[in-house]
Amino acid sequence: AYLQERGTKRGASTGAACVFVVRRDQDIYMETLRKLFNESHGIFVGLQRCEEERAARARNAQLVQVSKNYRSVIRACMEDMHQAASKSVLSGQRFSAFFFQVSILSAMELIWNLCEILFVEAAPAGPLLLRLLDWVQLHICDVDNMVREVLSSENPSKHKLFWNLGNTQTLTEMELKWQHWHEECQRYLQDGTFASNSHMESICKILLGDENAILEKKELMTTWYHFLVTRLLYSHPTVKPMELRFYAQSSMDMFLGEESSPEPLDTILMAAFEFELHQVIKECSVALSNWWFVAHLTDLLDHCKLLQSHNLYFGSNMREFLLLEYASGLFSHHSLWQLGVDYFDHCPEYGRVYLELHIERIPLNTEQKALKVLRICEQRQMHEQVRSICKIMAMKALRNNRLGSALSWSIRAKDAAFATLISDRFLKDYCERGCFSDLDLIDNLGPSMLLSDRLTFLGKYREFHRLYGEKRFSEAARLLLMLMTAHIAPCSFWMTLLTDALPLLEQKEVIFSAEQTYELMRCLEDLTAGKLDRQKFQDDDVETMKVEMLRLALARNLARVIVKEGTLEGS
């Protein structure tokens with residue numbers, strides 16, 4: 001129904017001024033199709049990883065199985081939709097959407113199954129008709145239903161549908177008896193043996209392949225391709241693949257008549273019977289509502305080595321062109337985008353470029369999602385995208401005053417300037433609160449602290465506090481002095497460092513040596529004598545008081561250390 005509607009709209013718009021609304025692939029957002037996208041992704045990835053060196057015969061059997069797996073996913077989706085519909089009452093609008101989607105899936109499986117028989121399996125003469133019989137039986141269920149109805153009745157031979165059904169048998173049985181049947185039926189018909197029974201005479205004509213007799217039962221066949229298979233069964237059971245086009249075209253003309261024009265589905269099936277692969281894919285691209293079908297079918301046919309002569313129609317590689325379109329649609333969905341990554345991975349010419357462009361457009365709503373995207377980029381060595389994602393997340397964390405997360409992201413991005421900025425925020429936060437936040441992160445910076453001087457200072461300053469807390473005062477004193485004399489600490493933080501030295505200067509045990517004390521005095525004088533920020537100390541009483549306390553503590557420590565060192569020398 002959907003394919004017929006599409007065909008009517010396309011025909012009606014010819015020559016008219018139209019405005020076309022371009023939208024994303026809407027099927028991507030349908031919950032009922034989630035299984036189709038998710039499960040077919042696994043089949044696709046498995047197909048790409050198959051061993052190239054496998055024998056041609058084994059590879060062909062594998063490709064047929066892959067094709068059947070794709071079809072089983074389509075059928076599973078249809079069954080799920082039927083079950084969902086049976087459990088709930090659908091409104092008119094929802095029922096229309098349900099019927100619309102089921103018709104799409106049904107048409108997709110019908111076309112795929114025929115392509116599997118003709119192209120993937122490439123059934124030869126003889127088995128070909130058997131496959132087509134299975135194809136018709138699978139997709140046209142009326143005959144099976146009628147058989148069950150007749151056989152379940154008390155007197156099957158008296159049932160009103162009995163003569164419409166006749167008998168069923170396999171192609172092998174039919175081939176063995178074909179010549180005998182044909183001769184017998186022809187003799188009986190010519191002798192008028194069944195002239196008194198119109199049903200038997202009709203069956204006899206059908207067995208002889210009389211096209212008019214078969215067409216009289218047109219209402220039992222419903223479609224021209226059902227008529228085609230029926231006609232071949234009784235007139236040419238060993239039809240060769242390349243002969244199908246002639247029987248298919250004449251069967252469609254006879255069945256539809258001159259007053260009816262073929263619908264898009266008819267055109268697609270006819271192109272398949274004519275072995276026009278490019279036309280099948282082109283018509284499906286126009287008629288079907290999403291890129292799933294053409295992308296996966298084309299990929300399968302490409303693995304069958306059937307598309308080499310068709311690539312020029314799409315400018316480069318037809319398989320890759322369709323996979324890129326399908327994967328681009330997946331990337332518009334909030335969760336299915338992860339499936340699209342693998343499709344881009346298996347597009348050797350443009351897949352990497354498309355992936356880079358689409359990755360940059362993914363909204364990084366949460367850290368969990370950002371980490372998923374980051375892993376994907378890191379696995380593929382997409383360094384520019386890795387830096388971009390880390391910078392974005394670092395800025396978000398900084399805006400929310402989550403300094404630890406911001407620092408972590410900036411380190412991951414290897415962004416020295418941003419790491420310096422966040423380190424300054426950490427130090428400012430410490431000055432205001434008197435303690436560090438995110439201690440675990442700072443304690444485990446490791447080699448990352450070498451990313452910037454300010455980050456190095458942050459890590460070392462935290463190490464000083466740790467040593468002090470563990471009462472390892474001598475080590476803490478050496479580290480504190482090194483931070484100032486090696487100019488690792490920012491000048492604006494010197495007063496804080498000198499203030500941190502006060503408790504060490506006033507310990508009972510002398511911590512700083514005379515040389516170290518002189519170094520501290522020189523740092524204090526540099527800080528107050530105009531080399532750094534002279535005006536600040538003249539205008540700030542608190543800072544002035546700190547300076548006086550430090551001078552006193554340093555003088556007392558120097559006196560103590562001179563006495564101590566002099567005593568040691570004397571002894």
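Search the stretch 328-341 for residues that are under 17 Å from CYS377 (Cα atoms) and pair each with any residue that is of a type in the set (Ser, Thr, Tyr) and part of a loop (DSSP other than H, G, I, E, B) when their beta-carbon atoms are under 7 Å apart and the residues are at least 6 apart or on different chains.
Cβ pairs passing all conditions: none.
Table: residues versus (1) among the aromatic types (Phe, Trp, Tyr); (2) in a helix (DSSP H, G or I).
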residue: ALA477; (1), (2): no, yes
residue: LEU480; (1), (2): no, yes
residue: ALA489; (1), (2): no, no
residue: PHE493; (1), (2): yes, yes
residue: ALA501; (1), (2): no, yes
residue: GLN507; (1), (2): no, no
residue: VAL510; (1), (2): no, no
residue: TYR518; (1), (2): yes, yes
residue: GLU525; (1), (2): no, yes
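So GLU506 fits all but one of (1) more than 30 Å from LYS414 (Cα to Cα); (2) without any contact (Cβ under 8 Å) to a residue 40 or more places away in the chain; (3) of a type in the set (Asp, Glu); what number is the exception?
Every listed condition holds for GLU506 apart from (2).
What is the number of the single condition among (1) modelled with pLDDT under 75; (2) exposed (fewer than 14 other Cβ atoms within 10 Å of the Cβ) that SER260 does not meet?
(1)
Report, by residue number, each residue of the stretch 105-142 that is assigned to a loop (DSSP other than H, G, I, E, B) and either among the β-branched types (Val, Ile, Thr) or under 31 Å from the mean Cα position of the chain (by Cα) (or both).
Across the stretch 105-142, the qualifying residues are GLU121, ILE140.
Does THR238 meet the test of being surrounded by 15 or more Cβ atoms within 10 Å (Cβ to Cβ), modelled with pLDDT of 75 or more and more than 22 Å from ILE140 (Cβ to Cβ)?
Against the criterion (surrounded by 15 or more Cβ atoms within 10 Å (Cβ to Cβ), modelled with pLDDT of 75 or more and more than 22 Å from ILE140 (Cβ to Cβ)), THR238 qualifies.
Would you point out which residue out of LEU445, LEU483, LEU498, LEU455 is under 52 Å from the mean Cα position of the chain (by Cα), under 16 Å from MET521 (Cα atoms), without any contact (Cβ under 8 Å) to a residue 60 or more places away in the chain and crowded, with 16+ Cβ neighbours inside 10 Å?
Within the list LEU445, LEU483, LEU498, LEU455, the selection yields LEU483.
Could you check the stretch 395-453 and list, in sequence order, the residues that are polar (S, T, N, Q) and out of contact with any helix residue (DSSP H, G or I) (no Cβ under 8 Å at 6 or more places or on another chain)?
Correct list: ASN400, ASN401, ASN444.
Quick check: anything in the stretch 481-490 among the aliphatic types (A, V, I, L, M) and farther than 24 Å from ALA529 by Cα?
no
Of all residues in the stretch 300-315 being within 14 Å of GLN62 (Cβ to Cβ) and under 25 Å from the mean Cα position of the chain (by Cα), which is modelled with the highest pLDDT?
For the stretch 300-315, the residue satisfying everything is LEU300.
Looking only at the stretch 390-446, count how many residues are among the acidic types (Asp, Glu) and not in a helix (DSSP H, G or I).
Looking only at that region, the number is 2.
The values are calculated or read from the model by the stated rules, or taken from the named source; none is laboratory data. None of these values were measured; they are calculated from a predicted model. Note that each Cβ is placed from the backbone with ideal geometry, even for glycine, and that neighbours are counted across all protein chains shown.
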